[in-house]
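Colleague: Starting off with a structure, shown below.
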Amino acid sequence: MAKRTPVVRKLGRPRDADSSDTRQNLLEVARRTFARDGYGATTNRSIADEAGITTGAIYHYFPSKAELYAGVYQVVLSLVADSFDAAIAAPGSLITRFSRALDTAASLNRSDSSIAGFLVSVPSELQRHPELVELVRPLRNQAPTFIGRLVLDAEAAGEFRPDVQPRAVEDLLTAVLSGLATFSTVTGDVQRHRDAIGALQQFLAGELIVAASPVF
């Protein structure tokens, strides 16, 4: 049996040159651990062990596990917002731009499924752990939604029929993205997530169903 190489933990206060890299690594490890094990089951010890640092080093960056969770959430929100903003930056119809956003969701999930896994667990974690609410809820409330911008642009361009409620469209598209992220997390299968997105894109383009032959 191969001998395991022991994890070398960094002791004490990080050097300035290493501090930024250590913090980024800590946040990435914490995101994966929170997504996999949940907030309650995750300990600073388990995060430190996986990150290759001491628990004391964690406190150099975050005074508590709750603050670390909020730090992860803030970074994930920024990553997701930047990615989707870039996806919808080019002009196009609502369906065209939303389809680009779906491609971005698939790419993010394929690159690191813990991003979706972490995000979809946030509402339930807030219910189970009240200490997170004051730290996380303000970030949620301040986060602008790219879907809201898509709907506003479509409304301004006259894309909706008169009987369509833009707020309902925003709720629908939000639920679709959230549902797909939850589906990926539950199944643990990024390819099924990608395939489901592909089917949805065909549906939106009117290419999913073969037109029925006329009956004479």
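The values are calculated or read from the model by the stated rules, or taken from the named source; none is laboratory data. Source: prediction; values computed, not measured. All Cβ positions, even for glycine, are placed from backbone atoms using ideal geometry, and neighbour counts span all protein chains on display.
Colleague: Can you confirm whether the range 144-156 contains a residue that is of a type in the set (F, W, Y) and exposed (fewer than 15 other Cβ atoms within 10 Å of the Cβ)?
Modeller: no
Colleague: Taking the residues in the range 1-47 that are out of contact with any Ser or Thr (no Cβ under 7 Å at 6 or more places or on another chain) and polar (S, T, N, Q) as candidates, determine which candidate is modelled with the lowest pLDDT.
Modeller: Checking each candidate, the answer is T5.
Colleague: In addition: Report the residue count in the range 120-176 for those that are of a type in the set (F, W, Y) and under 22 Å from the mean Cα position of the chain (by Cα).
Modeller: Number of matching residues: 1.
Colleague: Something else now. Return the residues of the range 39-86 that are without any contact (Cβ under 8 Å) to a residue 24 or more places away in the chain and within 30 Å of F160 (Cβ to Cβ); say none if nothing qualifies.
Modeller: D82, A86
Colleague: So, one more: Which one of R110, R97, R140, R128 is within 28 Å of E155 (Cβ to Cβ) and either among the hydroxyl-bearing types (S, T, Y) or surrounded by fewer than 17 Cβ atoms within 10 Å (Cβ to Cβ) (or both)?
Modeller: Exactly one residue qualifies, and that residue is R140.
Residues are listed down the side, and each one gets a yes or a no for (1) within 15 Å of L132 (Cα to Cα); (2) touching a helix residue (DSSP H, G or I) at 6+ places or on another chain (Cβ under 8 Å); (3) assigned to a helix (DSSP H, G or I); (4) among the aromatic types (F, W, Y):
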position: Q24; (1), (2), (3), (4): no, no, yes, no
position: E28; (1), (2), (3), (4): no, no, yes, no
position: T33; (1), (2), (3), (4): no, yes, yes, no
position: A41; (1), (2), (3), (4): yes, no, no, no
position: S46; (1), (2), (3), (4): no, yes, yes, no
position: D49; (1), (2), (3), (4): no, no, yes, no
position: G56; (1), (2), (3), (4): no, no, yes, no
position: A70; (1), (2), (3), (4): yes, yes, yes, no
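Colleague: While we're here: Do we have A87 as over 14 Å from the mean Cα position of the chain (by Cα) and among the hydrophobic types (A, V, I, L, M, F, W, C) here?
Modeller: Yes, satisfied.
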